[in-house]
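K.L.:
The structure under discussion is supplied below as structure tokens; questions concerning it will follow.
Throughout, read-outs are computed from the coordinates displayed, never taken from laboratory work. Note that the structure is predicted; figures quoted are calculated from it, not measured. Note: ideal-geometry Cβ built from the backbone for every residue, glycine included; neighbour counts use all protein chains shown.
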Amino acid sequence: MQGRQGSHAGYNVQTVVDDQNGLIVQSDVVKDVNDRHQLAEQTHEANTTLGKPCQTVCADAGYDYNADWKKLEEQGIAVIVKPNDQGPSGAFTKDQFRYDAKRDCYTCPAGEQLVYRGTRQKAQHRIYGITKATICRRCIHKKTCTKNWNGRTLARAPFEEIRPIVQQRYESVSGQWIYARRQSKVEHPFGHIKHNLGVQAFLLRGFAGVRAEAAILASCFNIARMMTLIGTQNLLPRLRTV
């Protein structure tokens, strides 16, 4: 895993927290070095625990993954994630090129078409380029648009059509309110576990042991949280009946 002091041996802890009570409804430990492929899986496990699907799932930019977004949106779950796009928008950035799904081509701000050229096999990105390189070379915007002698090209990731939907929802007033609220909900358990319980590292080694330890820590947080919500005297009788 990558940390503040460089790479080191570690595990990736995932938690899903409900908005109403701030309880951990799903916790897991994975070996992935980032969070990209976790949103749909962790949401599914949380929904299984709750016995019903959530209406909205919110996560930070580390969970930027088109396939997971599309999967959740098809289930009727609204995704609010900060898109992990690089750089600000400009006159000739990709967002200024209009995509025509029926014709499978882009139109640049100057009105020229970029057609499908091929697919990068590893990432499965579809590549689009100008029909003739001389079109870009004669364009008055070439220096602003591209330095490529063969003309401007664009890469389109799988399920990229879902990005404008999530982007618009994230940038909306309600989306910004939910995203700001997310930090106080999701980061709270980690703060409690690290600072109040003094857990700075796992005590056990091995995947099974670490998962068990993480589950115990999540349970400890939930017990403390329930004590805050309903009080110790109300909590104890309920725990005895479980």
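K.L.:
Over the stretch 94-151, what is the mean sequence separation of C-alpha contacts under 8 Å (at least six apart), divided by residue count, expressed as relative contact order in percent? Let's see the in-between values first.
P.N.:
Working: 71 pairs, mean separation 11.9, N = 58.
With pairs under 8 Å counted, the relative contact order is 20 percent.
K.L.:
Something else now. Using only Cα positions of the stretch 1-133, each an equal point scatterer, no hydration layer, compute I(q)/I(0) via Debye at q = 0.20 Å⁻¹ and quote the log10 values to two decimals.
P.N.:
Here the Debye-derived log intensity ratios amount to -1.19.
K.L.:
Magnitude of the Cβ-charge dipole of the stretch 94-151, K/R +1 and D/E -1, about the Cα centre, nearest 20 debye?
P.N.:
Numbers: 14 positive and 4 negative charges, 46 e Å.
Here the size comes out at about 220 debye.
K.L.:
Just rank 72, 235, fewest to most, by other beta-carbon atoms within 10 angstrom. Let's see the in-between values first.
P.N.:
On the way: 72 23, 235 15.
Lowest count first: 235, 72.
K.L.:
Bins of 5 Å, beginning at zero and ending with the bin holding the largest distance: percent of Cα pairs per bin for the stretch 94-151, please.
P.N.:
4, 18, 28, 25, 17, 7, 1
K.L.:
Between residue 216 and residue 141, how high is the FRET efficiency from 1/(1 + (r/R0)^6) when r is the Cβ-Cβ distance and R₀ = 41 Å? Nearest 0.05.
P.N.:
0.10
K.L.:
Report the extension gain between residue 233 and residue 180 in nm, rounded to one decimal, defined as 0.36 nm multiplied by the number of residues separating them, less their alpha carbon distance. Show your work: numbers first, answer last.
P.N.:
Details: separation 53, 0.36 × 53 = 19.08 nm, distance 3.33 nm.
Fully extending the segment from residue 233 to residue 180 adds 15.8 nm.
K.L.:
For the chain, what is the charge dipole size about the Cα centre, in debye to the nearest 20, if Lys and Arg each add +1 at the Cβ and Asp and Glu each add -1 at the Cβ? Provide the component values of the computation, followed by the final result.
P.N.:
Working: 34 positive and 22 negative charges, 213 e Å.
Its charge dipole is roughly 1020 debye.
K.L.:
Then there is this: Going by how many other Cβ atoms sit within 10 Å of their own, how do 238, 36, 126, 156 line up, fewest first? Before the final figure, lay out each step's value.
P.N.:
Details: 238 10, 36 14, 126 17, 156 20.
Taking fewest neighbouring Cβ atoms as first place, the list is 238, 36, 126, 156.
K.L.:
Taking 30 Å as the cut-off for C-alpha to C-alpha distance, list the pairs among 71/194; 71/94; 82/122; 31/194; 82/102; 31/52 that go past it.
P.N.:
On the way: 71/194 33 Å; 71/94 24 Å; 82/122 25 Å; 31/194 20 Å; 82/102 28 Å; 31/52 27 Å.
In this structure, 71/194 exceed 30 Å between Cα atoms.
K.L.:
How many percent of Cα pairs in the stretch 186-242 exceed 16 Å? Please report the intermediate quantities before stating the final value.
P.N.:
Values: 812 of 1596 pairs.
Across the stretch 186-242, Cα pairs with separations above 16 Å total 51 percent.
K.L.:
A further question on this structure: Using Cβ counts within 10 Å as a stand-in for footprinting exposure, how do 130, 77 rank, fewest first?
P.N.:
Working: 130 25, 77 18.
If I rank by nearby Cβ atoms, fewest first, I get 77, 130.
K.L.:
Ok, one more. Charges on Cβ only, +1 for Lys and Arg, -1 for Asp and Glu, centred on the Cα centroid of the chain; of 13, 115, 150, which one is farthest towards the dipole's positive end?
P.N.:
150
K.L.:
List, largest first, the extents of the alpha carbons of the chain along their principal axes, each in whole Å.
P.N.:
78, 37, 26
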